[in-house]
Amino acid sequence: MKVHVEFFSRLREVVDAADLTIDLPDRATVAALLTALYQRYPPLAKWDDNILIGAHLEFVGRDYALRPGDEIAIMPPVQGG
């Protein structure tokens, strides 16, 4: 299945793209998506403990079951001042 992934803030620089489409096995989870992304973009893995994942305008956990055509947002922690 194909999933569209958008990267925000500094993560865009890490993957050198604002978005991409990735092909994953059926019934993959966010955890599987992250594993695939970390294999393709190893520097992204250093953000693993802090990234936020969104699907359909809601934050989701790593056990979220992806569906074909999902749009997933991956962002660094929110910072304010």
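The values are calculated or read from the model by the stated rules, or taken from the named source; none is laboratory data. Since the model is a prediction, treat every value here as computed from it, not as a measurement. Here the Cβ positions follow ideal geometry from the backbone for every residue, glycine too, while neighbour counts run over all protein chains shown. The accessibility values were calculated without ligands, DNA or RNA, using every heavy atom of the protein model including side chains. Shrake-Rupley method; radii C 1.70, N 1.55, O 1.52, S 1.80 Å.
Axis angle, to the nearest 10 degrees, between helix 30-40 and the longest C-alpha principal axis of the chain: 70 degrees. Using the 1.4 Å probe convention, the accessible area of the chain works out to 63 Å² per residue with neighbouring protein chains retained.
Treating r as the C-beta distance of ASP26 and VAL78 and R0 as 25 Å, the FRET efficiency rounds to 0.15.
Where both residues lie in the chain, what percent of DSSP beta bridges are antiparallel, nearest 5? Let's see the in-between values first.
Numbers: 12 of 16 bridges.
In the chain, approximately 75 percent of DSSP beta bridges are antiparallel ones.
Give me the percent of the accessible area of the range 12-72 that comes from carbon and sulfur atoms, probe 1.4 Å, all protein chains in place. That share works out to 50 percent. The stretch between HIS56 and ARG12, if pulled fully straight at 0.36 nm per residue, gains 13.9 nm over its current Cα-Cα span. The structure shown yields Rg and Dmax of the Cα atoms in Å, and of the options [x] 11.8, 41; [y] 28.8, 80; [z] 19.5, 61 that calculated value carries the label [x]. Backbone amide hydrogens, once placed in the peptide plane, bring ILE72 within less than 5 Å of HIS4, VAL5, GLU6, excluding anything fewer than 5 places away on its chain. Per residue, the chain reaches -6000 deg cm²/dmol at 222 nm when only DSSP H runs of four or more residues are counted, each adding -39500 (n - 2.57).
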